[in-house]
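One structure is given here, and the rest of the page talks about it.
The values are calculated or read from the model by the stated rules, or taken from the named source; none is laboratory data. Please read these numbers as outputs of a predicted model, since none were measured by experiment. Glycine gets a Cβ as well: all are built from the backbone with ideal geometry, and neighbour counts include every protein chain shown. Each accessible area value is taken on the protein alone, full model and side chains, heavy atoms only, with ligands, DNA and RNA left out. Shrake-Rupley method; radii C 1.70, N 1.55, O 1.52, S 1.80 Å.
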Amino acid sequence: MSDGCCGTTAVEIEQIVAHAAPGTLPVAVIGAGPVGLAAAAHLAERGVDFVLIEAGRQVGASVAQWGHVRVFSPWRYNIDSAARRLLQAEGWSAPDPDWLPTGAELVENYLAPLAEHPAIAPRLRLGVKVTAISRLGHDRVRTTGRDDVPFLLRLEGGEELRARAVVDASGTYTTPSVLGANGLPAYGEAQAAPFVDHALPDVLGADRDSYEGKHTLVVGAGHSAATTLLALAELEDTRITWAIRAGNAGRTYGGGAADALPARGALGTRLRAHVDSGRITLVTGFYTHSITEDGGQVTVISRDPSGAEQSVTADRIVAATGYRPDHSIASELRLDLDPILGSTRALAPLIDPNQHSCGTVPAHGVDELSHPESGYYAVGVKSYGRAPTFLMATGYEQVRSVAAAIAGDWEAARDVQLDLPETGVCSSDLAEAQEARVGLATGISGGLLATPLPLATVGASEAGGSCCG
């Protein structure tokens, strides 16, 4: 069986690793999105052998799902340093550093060329899903000799691979959070699934027929919700209801014209205008409790902590309620997870959304990402658990540190630095130029591609959230 662009077969890779000693086995990198590919680039630069395993049929499979969305940050902040060096050595020309790319442009102009690099392509396997990770001959309980045996990765279909270390960059895109306001599924949520889309449907493109001329309820207060709401507002004869738990939408509106990222500020300004004009009906204090279907519509009932109820009946629901990690594939490994966020216990206080916005998360690396299971690292958005404060630049620094540690360069591994851009790099000239070329940009945050820029101070009535929504 051929595995996509590189032509590497399952049999060929298995022959390479099946009989190798633990110290000579490759590192298994799970997930070929931006952070997983960056991990591969850093390992390649250090001469560390690896296997890059991607469940999707293309690199950046999750990014491709929101390919129609334009991100807030220009190209200069979306390319990993090691990836840039590898690509430029092959004659690659970086995109316009001031351009705000769509997800599709990110895949086409960066991730796909990186996957085709000769240091990565022979080690890439597409359409292969990891279903479990353990230690060869050891369950989670057995201690003796544990660190001396390789990791065992079980793949869908029954194949097994061995690895000296595991870098899990599989993300959280396939495990969205539930609609229920208490963290539990709303009553009837599973039965209502045919009426529910998760964050960032292609409202103006492939999914247009599902929304045009209908009543859509958007649940969520982050930038993904805002992006969908603005797209819906462009459709004719379409009713839009926006439901949030908070008492006002100040957190989503953000800093407006004072926002350090002009595209992000414009997102909030335009959304507020639609709410003020009545184009979008805002419902506050909405705690999703139950969903029932009747006659091709769904009725969503909110029950707030005092027991007061309100309801919205709509044709479609967009659940922009965030994501949560799935650690089940590592259930036989010794993980030390924070009981609240699901990140490592050491990382949790650094990313706690009750204390931090994405711009205030400090640099961190291998020490904060380490588990009692030596050699296993969850990186990227998965490392943050339920915290919405992840930024791609943070993920790139994570894998740089982890790759250095795997290579034995602990001095570099612990020299963690996060070079966040100053507020001034996002000038109004950039926003105006982009608007002239493609229309005012919108985008997403919550970990995928927002640039880590601190927000300018806004009034108390407008505050209440972070750059990550």
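Taking label positions 7 Å along the Cα-Cβ direction at both residue 273 and residue 156, the computed distance is 4.4 nm, reported to one decimal.
Computed over protein heavy atoms with a 1.4 Å probe, the carbon and sulfur contribution to the accessible area of the stretch 154-211 reaches 47%. With the simple model of a label 7 Å out from the Cα in the direction of the Cβ, residue 98 to residue 327 spans 4.5 nm.
Size descriptors for the stretch 198-331 (Cα atoms only): Rg and Dmax, in that order, 15.6, 50 Å. For residue 390, the residues whose amide H sits under 5 Å from its own are 447, ignoring neighbours fewer than 5 places away on the same chain, with H placed 1.01 Å from N. Taking amide H positions as modeled 1.01 Å from N, with prolines and chain starts lacking one, the residues under 5 Å from residue 33 and 5 or more places away or on another chain are 60.
Across the stretch 390-407, coupling constants 3J(HN,Hα) worked out from phi with the 6.51/-1.76/1.60 Karplus curve, θ = phi - 60°, read 6, 10, 4, 4, 5, x, 5, 5, 4, 6, 4, 5, 5, 4, 5, 5, 4, 7 Hz, and Gly and Pro carry x. Residue separation of residue 409 and residue 245 scaled by 0.36 nm, minus their Cα-Cα distance, works out to 54.4 nm of gained length.
Per residue, the accessible area of the stretch 72-151 comes to 43 Å², computed with a 1.4 Å probe over protein heavy atoms only. Skip the ligands, DNA and RNA, and give the accessible area per residue of the stretch 190-239 with a 1.4 Å probe, whole Å². Using a 1.4 Å probe on heavy atoms only, each residue of the stretch 190-239 averages 41 Å². Ranking 201, 169, 181 by Cα position along the charge dipole of the stretch 167-305, where only Lys, Arg, Asp and Glu carry charges on their C-beta atoms, puts 181 farthest toward the positive end.
Round to the nearest 0.05 the FRET efficiency obtained for residue 281 and residue 354 when R0 = 35 Å and r is the Cβ-Cβ distance. Computed FRET efficiency for residue 281 and residue 354: 0.75. For the stretch 63-170, the relative contact order works out to 21 percent when only alpha carbon pairs closer than 8 Å and six or more residues apart are counted. A 1.4 Å probe run over the stretch 321-422, with the rest of the protein chains in place, finds 39 Å² accessible per residue. When you filter the GluC sites (Glu not before Pro) in the stretch 110-189 for DSSP loop state and at most 12 other Cβ atoms inside 10 Å of their Cβ, you are left with 156.
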